[in-house]
Every structure is written in structure tokens, then in C-alpha cells.
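> Pasting a structure here, questions to come.
The values are calculated or read from the model by the stated rules, or taken from the named source; none is laboratory data. This structure is a prediction, so every number in the text was calculated from the model and none was measured. A quick note on method: Cβ atoms are made from the backbone with ideal geometry, for glycine too, and the neighbour counts reach across all protein chains shown. These area figures cover heavy atoms from the full protein model, side chains too; ligands, DNA and RNA do not enter into them. Shrake-Rupley method; radii C 1.70, N 1.55, O 1.52, S 1.80 Å.
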Number of protein chains: 2
Amino acid sequence: MRTDNRLSRVLHALLHLQDLDGPATSEQIGMMLNTNAAVVRRTMGGLREAGFVASVKGHGGGWTLARPLDQITLLALYDALGEPSLFAVGRSEDAPGCQLEQAANAALSSALDAARARFRQELSEVTVADLRDRTAPGFSV
Amino acid sequence: MRTDNRLSRVLHALLHLQDLDGPATSEQIGMMLNTNAAVVRRTMGGLREAGFVASVKGHGGGWTLARPLDQITLLALYDALGEPSLFAVGRSEDAPGCQLEQAANAALSSALDAARARFRQELSEVTVADLRDRTAPGFSV
DNA sequence: AATTCATGATACATATGATGTTACATGATA
DNA sequence: TATCATGTAACATCATATGTATCATGAATT
């Protein structure tokens, strides 16, 4: 199944943004992410609304960081993207009235909820700045 | 995104199987699950190979439990299904050589791994028999 | 032995949703 | 006014879980 790569992509994009002087255009970011400018606009839109980046139209415009990376947790980004559905495994809805199916779904949901909580906890403990620190010493674009 | 419902479905099917006397045909199970007999065969095939159910061809044939439900954990079923890919969110592979993307992916993978471990732990602590116990008292098909 | 039932296996169709792509309106700078 | 860049919408592509159809094989019934 094709996975949703937006979180990874915006992380990648934000890390690049910090290494740049001025604003980066969607086109430029698209080159870094090996994708289309329209995809960049669509994906970064959520981050703008959440106040993590700013976008400016016209000449010299583009995307800039609106907040230091050490004040952006991965969880905040995930939520800014609309909290994309996390799982490729889910409940069945074959026989909603059947108690046996309900029991099966309840157990599955319970496990998925626990996994989701763990995922969110992990994301909440890391900032984007932490990721930059984890690249090789002296590394720059 | 369309989710993989196989685990929920086989749980549902096993619970029904226990409530039946003889073997159940794929056709019958398909009715319970509101799906096709071929889908049932395909899905249950993994459980047969893992020794949780047995299938018999021909007249009076069908599917039967090969082991008491209290000896089948949800995790064992999940693995018998081939450990279906759990997440709808994943790494990007836009610029494999880029250290920044690598750092982003490493953090994401770490969170996903933790979530997967939690999911598997939850599944390992519940047997199919436990689910049956959770239906309303006196409930039967 | 022939018939019927049921699984086993394969191939193909369908549906869904993330991503890719194109096009154009809007706003900002030169 | 021309150019650049975002904002937005519509549509195309692609991957894949599930649905569907078909036939070979094996087992019980007659």
C-alpha cells in the first residue's frame, strides 16, 4: 500500500529551509523533495495555517520558517498535516450488528489506540532541531 | 485509504467457527463476513498453514478449528496472515543520499517501530477466547 | 463409476486514496 | 505593466486490498 509520506517530507523541507538564507520557492523545495511545486504548496499549507512557516507571494517570495526549529515538535507537524490516518490495518464493517464482529473490532481498536498513543508520544519528544543535530558533524547543504 | 481488514475478519470467523458444530464452508463464512467465498479461502489459507484451522475438501468439508481458541493469540493470527503492513504513514524516498532526509526518516522510523512494538504487545496479551468472553453473557449465534 | 460438493489456485476487475500534473486566478515586486 | 510566486481546483496516475470469475483437484454420496 502506498504510504503517506507527508510528515517525512515536511521534516526534510524544514531542515533545508533552516540552511537557506532567504525564502525558498515551492519550485526549489520541489527539487529537494523530488516532487512537484503544487505538491509542496498543498503539503506546506497546513504548516502555514499552524504558524510554523510563512509564505509570501510574488517576486522574491516563497517559504520561510516562522518559528525556531527547536520549538516545533514532530507531533505538532503531524497534527498540522491534519493528523493523517496512521494505520493500514483497520476494523471490518461486514456485519455491524454481530456481537462477534464487534468483539473482534473492539480488541483490534484497543491495540491500534495503544499503538497510536505510543506513536504520538514518540513524536512529542523530538523537535525538528533535534533532527538537525543528528546529522553528521559539520554537515551542511 | 482502504484498510486491511483481514485480522478483524479472521477473528470474527474463528469466533463463529467455535459456535458451530461441524465444519463451515467458505460460502457460509462468506455470508457471515458479507464477502465472497474466494476471499475467505484466500484469507484463511494463512491460518491453515499456521495450524490454527483445518480445511477439508469435498462433501461435508469446510473449515474447522484445529486448536482451542484460548491457545490462539491475536498476535499469532496477525503473523499467520503474513504480518500485514501496519502503517499508512511511511518514509519518503525522495532523496536517498540527503542527510537531512535520512535524519527525518530515522526519526519517523523510530516512532513507527515503537508503535509497532506496542501494537504487537497488545495483540500478544489477548487470545481469541478472551474475545468470546467479552460478548454479552449468554450470547449465542 | 458418476455426480455433487468444496477447497486450491490463478487471473482479472473494481474501488479507493495518496501523489502527480496541469491550468489559471490572485497578489506582490520590479 | 510584466514577471514571479502562491492558492486553488480539477483531473490523471499508480498502487493495492478486495471483489469476482473460472477451473482443476480431491472427497463423499449415489
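> Do you know which residues across the range A:73-93 are assigned to a loop (DSSP other than H, G, I, E, B), in contact with a helix residue (DSSP H, G or I) (Cβ under 7 Å, 6 or more places away or on another chain) and of a type in the set (S, T, Y)?
Within the range A:73-93, just A:S92 meets the criteria.
> Would you confirm, using the coordinates I've provided, whether A:D113 is under 29 Å from B:M1 (Cβ atoms), surrounded by fewer than 17 Cβ atoms within 10 Å (Cβ to Cβ), touching a residue at least 12 places away in the same chain (Cβ under 8 Å) and of a type outside the set (V, I, T)?
Considered against the rule, which asks whether it is under 29 Å from B:M1 (Cβ atoms), surrounded by fewer than 17 Cβ atoms within 10 Å (Cβ to Cβ), touching a residue at least 12 places away in the same chain (Cβ under 8 Å) and of a type outside the set (V, I, T), A:D113 comes out as no.
> Could I ask something else about it? May I ask you to list the residues in the range A:82-110 that are in contact (Cβ under 8 Å) with a residue 60 or more places away in the chain and open to solvent by less than 60 Å² (accessible area, probe 1.4 Å)?
Within the range A:82-110, A:P84, A:A88 qualify.
> Shifting gears a bit: Does the range B:41-58 contain at least one residue that is in contact (Cβ under 8 Å) with a residue 40 or more places away in the chain, open to solvent by 40 Å² or more (accessible area, probe 1.4 Å), over 12 Å from the mean Cα position of the chain (by Cα) and within 14 Å of DNA strand C (Cβ to nearest atom)? Steps first, please.
At the first step, the residues of the range B:41-58 found to be in contact (Cβ under 8 Å) with a residue 40 or more places away in the chain are none.
Taking every residue of the range B:41-58 in turn, none turns out to be in contact (Cβ under 8 Å) with a residue 40 or more places away in the chain, open to solvent by 40 Å² or more (accessible area, probe 1.4 Å), over 12 Å from the mean Cα position of the chain (by Cα) and within 14 Å of DNA strand C (Cβ to nearest atom).
> From the residues in the range A:99-137 that are assigned to a loop (DSSP other than H, G, I, E, B) and more than 7 Å from every other protein chain (Cβ to nearest Cβ), which one is farthest from B:A115 (Cα to Cα)? Walk me through it before giving the result.
Of all residues in the range A:99-137, those assigned to a loop (DSSP other than H, G, I, E, B) come to A:125-126, A:134-137.
Checking which are more than 7 Å from every other protein chain (Cβ to nearest Cβ) leaves us with A:125, A:137.
Values: A:E125: 14, A:P137: 29 Å.
So the residue we want is A:P137.
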